[in-house]
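Nothing in this text is a laboratory measurement; each read-out follows from the coordinates by a stated rule. Model, not experiment: these values are computed from the prediction. All Cβ positions, glycine included, derive from the backbone under ideal geometry; neighbour counts span all protein chains shown.
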Amino acid sequence: MTRSDTQPVIEVSELTAHYGSRKILDNIDFHVEPGEIRIIMGGSGSGKSTLLRHLLGLNLPTSGRVRMLGVDVARASAGEMHELRRNIGVAFQGGALFSSMTVGENIKLPLREHARLDETTMDIMVRLKLEVVNLAGFEHLMPAQLSGGMIKRAAVARAVIMDPKLLFFDEPSAGLDPVVSAELDEMILRLREAMNMSIVVVTHELESAFKIADRITVLDHGRILMTGTVPEVQNCPHPRVQDLLNRRPRRAEINAEDYLQRLTGG
Amino acid sequence: MADTAGQSSALLIEHLGRTAVAAIEEFGYYFLLWLESLYWLLFGWMKKQPVRLASMAAQMVTIGIAATPIVTILAFTIGVMLAIQGIATLKTFGAEEQVVMGIALSVTREFAALITAIVVAGRSGSALAARIGTMQVSQEIDALRVMSINPVRYLASPVLAAMMLMVPSLTLIADFAALLGGAVFTNLELGLSYAAYLDRTLGSLVFDDVRQGLIKSLVFATIITVIGVSNGFQVTGGAEGVGRATTRAVVLSISYIVVADMLFTYFLNR
């Protein structure tokens, strides 16, 4: 891959995506610079998870382009995609650890499949990453024996085992208590420091977002409302952004005629 | 009135059309999945993404070795049942002695392969759908994909290989067990010695009879794998979806097995 260090690591242009006939993403433009921690924020149903799936190449867009580390995800050959995915790490919302394997085997899996290393070297690398996420000594446990916070940290260890250039987090604080969630935030900052990765975090937790973000992208109903630094987002006058910041319920406008029609099923 | 009748028949036709399209789509999915699993088995090592022998071996143990006792017992029972029925039917013609040939042919051509496939579908086909379906629900399949570990190579190919080896092996074991069952009952009922039974069995069997059963068992192995894996991958809707996929996998594979059996019997006996 021949690309300069200043080129954006993620370039999304005019991305539109549907789920069945429902439009989920509408003309999204989205860039992430190298070394940046970017938060994608939005309420439920804003399309943030769908955007993440498109970034990971798990869904293909209706139209528009997704380039990751210079590779066009929709047009990449199997070989290019393989190469790209070795440079990407993902920590899924529920961890997505393989329940039939120990924590250590889980973390080792990408190494086993993609690198030709002997068992001892792989073991050492696994322990190194477990140290990074403060899980040293837990490699022999099964995922079912771990707490929620530990599962997330083990998932992070697996995500960074190949030393990716780009790391994704899907709702890192979902289902965690405030202390564990704060620890996870610290860990994200530390990972960037230590490994110089670009990090994209999808979340709806404001506190965590404000703590770790370089810039925040706010999504609503499949559109980008704004992208900016923490103070810029906090001072944004847009009513939907303010709704989100102040936990205000949406003010749905009721049209009497539509309402009646919905009720009668016509 | 006529209008609503027209409307409902239009709806019926639309429903029929959609069902047909969905069925064809699903069949295409099965076929592609089968092709892809074979592709990784044959050419994966060239792309440095081989199908792991260790996971194949693990599958062979759960699919084959663990099923051996139940297959043996059921096949033995089938052998006894065929002997009972055969003797009762042939008695009317005074030709009880011919029962040996009847058992030998129907076991090797038909029943050994069929009972093995049904047991494996019930044990492993359902487990396969449940395991892959659970992985789908908990995003483990997505995790495999973003780690650039092809889920078909990692999950489906080892199972296909294991099934292609173990189902025919189990069928052979079932052949022996069912023939033994027949021998035991014939011995008790007609006083036919085991040596004479063996002699007549070997006399009435040709290699092609056993081969017919083995060819069928390869087809059944493919059906169980492809249907189990596909239904697992297609799970949506959480735990309930996994349950539905599991049931569907078993019912569909047994149905396809019986239909395929009929078709193969027809074509192999022409």
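Worth pointing out:
- Tally, over the range B:177-202, of residues that are part of a helix (DSSP H, G or I) and touching a residue at least 60 places away in the same chain (Cβ under 8 Å): 15
- Yes/no for A:Phe168 being part of a strand (DSSP E or B) and within 18 Å of the chain's Cα centre (by Cα): yes
- Subset of the range B:87-125 that is under 17 Å from B:Thr77 (Cα atoms) and hydroxyl-bearing (Ser, Thr, Tyr) - its residue that is nearest to the chain's Cα centre (by Cα): B:Thr116
- As for the range A:198-207, it holds at least one residue that is over 28 Å from A:Met101 (Cα atoms) and free of Cβ contacts under 8 Å to residues at least 40 places away in the same chain.
- Contacts under 9 angstrom Cβ, first residue in the range A:44-70 being more than 13 Å from chain B (Cβ to nearest Cβ) and closer than 18 Å to B:Arg145 by Cα, partner surrounded by 17 or more Cβ atoms within 10 Å (Cβ to Cβ) and of a type in the set (Lys, Arg), 6 or more apart: A:Leu69/A:Lys165
- Long-range neighbours under 7 Å by Cβ, at least six apart or interchain, first residue free of Cβ contacts under 8 Å to residues at least 12 places away in the same chain and part of a helix (DSSP H, G or I) within the range A:142-160, second surrounded by fewer than 20 Cβ atoms within 10 Å (Cβ to Cβ) and of a type in the set (Asp, Glu): none
- Residue satisfying condition, being surrounded by fewer than 18 Cβ atoms within 10 Å (Cβ to Cβ) and among the aromatic types (Phe, Trp, Tyr), within set A:Phe169, A:Phe138, A:Phe210: A:Phe210
- Residues of the range A:113-128 that turn out to be within 14 Å of chain B (Cβ to nearest Cβ), free of Cβ contacts under 8 Å to residues at least 40 places away in the same chain and in a helix (DSSP H, G or I), as a count: 2
- Conditions (1) surrounded by fewer than 21 Cβ atoms within 10 Å (Cβ to Cβ); (2) touching a helix residue (DSSP H, G or I) at 6+ places or on another chain (Cβ under 9 Å); (3) over 18 Å from B:Leu198 (Cβ atoms): number failed by B:Leu32: (2)
- Any strands (runs of 3 or more DSSP E) falling wholly within the range A:1-86 and containing at least 1 residues that are more than 29 Å from A:Ile161 (Cα to Cα): A:10-19, A:22-32, A:63-68
- Criterion: under 30 Å from A:Ile161 (Cβ atoms) and either touching an Asp or Glu at 6+ places or on another chain (Cβ under 8 Å) or more than 14 Å from chain A (Cβ to nearest Cβ) (or both) - qualifying residue of B:Met147, B:Met163: B:Met147
- Search result, residues across the range B:103-139 that are crowded, with 24+ Cβ neighbours inside 10 Å and within 14 Å of chain A (Cβ to nearest Cβ): B:Leu128, B:Ile132, B:Gly133, B:Met135
- Within the set A:Ala144, A:Ala74, the sole residue that is over 23 Å from the mean Cα position of the chain (by Cα), hydrophobic (A, V, I, L, M, F, W, C) and more than 23 Å from A:Glu186 (Cβ to Cβ) turns out to be A:Ala144.
- Consider the range B:204-223 and keep the residues that are over 17 Å from B:Ala121 (Cβ atoms), assigned to a helix (DSSP H, G or I) and touching a residue at least 40 places away in the same chain (Cβ under 8 Å). The one that is farthest from the chain's Cα centre (by Cα) is B:Ser204.
- For the range A:79-112, the set of residues classified as over 23 Å from the mean Cα position of the chain (by Cα) and at the interface with chain B (Cβ under 10 Å from one of its Cβ atoms) consists of A:Gly79, A:Ser100, A:Arg112, listed by residue number.
- Test: A:Ala209 is closer than 27 Å to A:Ala17 by Cα, assigned to a helix (DSSP H, G or I) and in contact with a strand residue (DSSP E or B) (Cβ under 6 Å, 6 or more places away or on another chain): yes
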